[in-house]
1. Between E61 and S433, what's the calculated FRET efficiency when r is the beta-carbon distance and R0 is 22 Å? Round to 0.05.
2. Whole angstrom only: what separates the Cα centroid of the stretch 306-361 from the Cα centroid of the stretch 375-406?
3. Could you pull out the trypsin sites (Lys or Arg not before Pro) across the stretch 107-156 that fall in loop regions by DSSP (anything but H, G, I, E, B) with no more than 15 other Cβ atoms inside 10 Å?
4. Grab the Cα-Cα distance for R46 and T147, subtract it from 0.36 nm times how many residues apart they are, and report the gain in nm with one decimal.
5. Quickly work out the E329-to-I79 label distance, labels modelled 7 Å from Cα along the C-beta direction, and quote it in nm with one decimal.
6. Exactly which chymotrypsin sites (Phe, Trp or Tyr not before Pro) in the stretch 27-68 are in a DSSP loop and have at most 14 other Cβ atoms within 10 Å?
7. Using the Kirkwood radius built from alpha carbon pairs, what does the Stokes-Einstein equation give as D for the stretch 163-207 at 4 °C and 1.567 mPa s, in µm² per second?
8. Just to confirm, what accessible area per residue do you get for the stretch 343-410 at 1.4 Å probe, in whole Å²?
Amino acid sequence: LKKPNKLFSLFSFQNEINEVPFFDIQLPYELALKIFQYLGKTELGRCAQVSRTWKVLAEDEVLWYRLCQQEGYLLDTSISDHSCWKLALKNCRARERTLKTNWKNRIGAVSQLQYELGKILCDVHSCDGVVIAGYTSGEVRLWDTRTWDYTAPILEPMHGPGDAGPQPHVSFVRINSSLAVAAYEDGIVSVWNLMFGREPIHRYQHNQRIQALALASEGATVATASGFEVKVESPNDRGFWQTTATFEIQKLVNFLNLVPDVMGSPVTVAAAEDIVYLLKTEDPGKILHSVYGQPVTCLDVSAHEAAFGVKTFGWLLNEPNQILLYNLETSQCLKKMGNSIGDFTCVNLQNSPPNMLVTGNKDRRVRVFDLRKSESLCSLYAHQLGVSAVQMDDWKIVSGGEEGLVCVWDQRMGTKLWEMHARHPVRHVWFNSHSLITANIPDEKTPRGASITDDDLTAHRKHRGIIYAYEFSVDQLAVESILPICRSSYDEVTGYNYNIGLAVPYDNI
């Protein structure tokens, strides 16, 4: 069109515009674009074959940028970040298909996150690929599985005046995008900022042993339960940590969660035997659920709802064990789900797809519920000794059992894709689109044969417990396929004699 010598092409192009149905030559480009924005990928591809005018409209960057955002790809980018958004969407969809294939066929790399000096593994938590682990030696260790070498520092405790002896065991650890928290057996809670190094930024103490620890999924709020007290700590406007609220309740807390995405003062949900409390600063003693003699066996919360398992006595009351769903704003019971003889041991509401919930039970089954119905969508016979951890997304389920088995399931087909076994019960399962983290934590923290007076801090490998990090991303397969023992540097004692000439081509003997 820009070349004046091709006059014939110019006239034919104008005639084509006039001949296209309902698109007159006076129709503004912006208005035509608004019509095309209601079309999907397939319709835009068909419209691009109608004429040259429609092809220019159907391949407009604004349309494909909006489609890319609607499908959940590249959400933190602007329209100027890519020159061809149609190609960007195509690449994202191809990468997603490859990841799904790798998940199903178990194509990827697996690494063991071990810290031998920590003795026995006590608790594990993870957030976006960063793993925190606490040990019986009192040490807290971090790993960043998003990097190649999986190295991260050991978080140092804040030593008090009388802390010259051995450190107490770590009871609980939690981590989010900015904070790491550890609770110790002597009632001390240490908080680290992941941006400020290894020294803790805050420390406080309970008089008794801590029974539950919760950390907000975003932000800086920590809740702990000890005895009949629940304490909530968070920094003020100037960054100084303080006790936001203290609640006195009637029974010992078994489960504790902070409600995510809450504006203003934090909201805590605590399950204490057969009572579920909704703890707010303005309404400290609100009881969400209470039925005498029916203890709560598991708990999870989302931004607006709380789901927990209730143990009943079927031979007395003729009621099976159930999952109850409550609305946190109205405090009303929305749904009663399940009809099981066994106790519900784990429930995952926060990480599940919308209107979905996945549970594990002592009767060895994993059940998926639709919150709009009461019956389970699928029931999978998963583990021999009961289910201990579970998570799902829109097409797969990952479950861990008391016997140490990790299973990956195809939800729609109801079939097991693959499994992996370790010695101890699976207490933590977390995954995203390309990675999976599992933790096998021993129940026995002082195994037989381990001497108290032994100077060696290490314990036998079979007693320690283990953390696995799976990576299914194609981009990292070439690097991660190298065995962990072959990646060690000459500065480390472990693996020094094994990596010569095996996987590092620049080594010369």
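The values are calculated or read from the model by the stated rules, or taken from the named source; none is laboratory data. Computed from a predicted model, the values in this text were never measured in an experiment. When we count neighbours, we look across all protein chains shown, and the Cβ atoms used for this are built from the backbone with ideal geometry, even at glycine. The accessibility values were calculated without ligands, DNA or RNA, using every heavy atom of the protein model including side chains. Shrake-Rupley method; radii C 1.70, N 1.55, O 1.52, S 1.80 Å.
1. Values: r = 25 Å, r/R0 = 1.15.
Calculated transfer efficiency: 0.30.
2. 16
3. On the way: sites: K119, R141, R146; in loops: K119, R146.
Answer in residue order: R146.
4. Going from the current span to full extension adds 32.1 nm.
5. 3.3
6. Working: sites: Y29, F36, Y38, W54, W64, Y65; in loops: Y38.
Those satisfying the criteria are Y38.
7. Details: Rh = 11.1 Å.
For the chosen part, D equals 117 µm²/s.
8. Working: 2340 Å² over 68 residues.
Normalised by residue count, the accessible surface of the stretch 343-410 is 34 Å².
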